[in-house]
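Working notes, beginning with the structure itself.
The values are calculated or read from the model by the stated rules, or taken from the named source; none is laboratory data. The structure displayed is predicted, hence computed values, not measured ones. All Cβ positions, even for glycine, are placed from backbone atoms using ideal geometry, and neighbour counts span all protein chains on display. Just the protein is used for accessible areas: all its heavy atoms, side chains included, with ligands, DNA and RNA removed. Shrake-Rupley method; radii C 1.70, N 1.55, O 1.52, S 1.80 Å.
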Amino acid sequence: MRPTIFVLNGPNLNLLGTREPEIYGDETLDDIAGQLEDRARDLELTIDMRQSNHEGHLIDWIHEAQARGAKAVILNAGAFTHTSVAVHDAIKGVKTPVIEVHLSNPHARESFRHVSLVGQAAKGTIAGFGALSYMLALEAAARF
Ligand code: DQA
């Protein structure tokens, strides 16, 4: 069986494509999933892409990634990035490496986005490259 990469997306990312396109671009989450799946095929990996507006789902999925022996988690926790001790603790609680991704560069935005509780637990962070942030994270995960 091919190693699996979980790609977990938090609140409001279901709106990609129409949500503040000047910040997040005009690609939808399905477009990003398609791009990742194409590249994953070449890398002999499987992508398991999910989105939820609920914090607990992200936590359950991080646990599930470990239980299923996923190779890595690519996580865009959306606004929970800046608020969720529980997501931080979930990342700390598993051995599965977690890569934090963002479409935008939170450090170049409002000050409330400058703290990342996800980034303080993640293996690394890729931010500011739009949909390419996800692809760069996949390239990193493939090398773990
Ligand atoms: C985001 C950045 C967060 O600050 C914001 O709350 C999001 C999207 C990004 O991908 O740029 O929902 O995670």
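Things to note:
- Solvent-accessible area per residue in the chain equals 49 Å², computed with a 1.4 angstrom probe and all protein chains kept.
- DSSP H segments from the chain that extend 24 Å or more along their own axis, Cα-based, with Kyte-Doolittle mean of -0.5 or above: none
- Helix-derived mean residue ellipticity, 222 nm - over the chain, DSSP H n ≥ 4, -39500 (n - 2.57), to 500: -10500 deg cm²/dmol
- Taking label positions 7 Å along the Cα-Cβ direction at both Arg50 and Phe112, the computed distance is 2.7 nm, reported to one decimal.
- Within straight-line reach of Lys71, meaning a Cα separation under 20 Å, sit the following aspartates and glutamates at least 8 residues removed in sequence or on another chain: Glu37, Asp38, Asp42, Glu44, Asp48, Asp60, Asp89, Glu100, Glu139.
- Residue among Asn9, Asn76, Ala65 farthest towards the positive dipole end of the chain, charges placed on Cβ: Ala65
- Beta bridges by DSSP in the chain, antiparallel share as percent, to the nearest 5: 0 percent
- Long-range amide H partners of Thr46 with built H, under 5 Å: Thr4, Ile5
- Here Lys95 and Asp30 are evaluated by their C-beta separation; at R0 = 35 Å the FRET efficiency comes out at 0.70.
- Using θ = phi - 60° in the Karplus curve 6.51 cos²θ - 1.76 cosθ + 1.60, the 3J(HN,Hα) couplings for the stretch 77-84 round to 7, x, 5, 4, 3, 9, 10, 9 Hz; x is entered for Gly and Pro.
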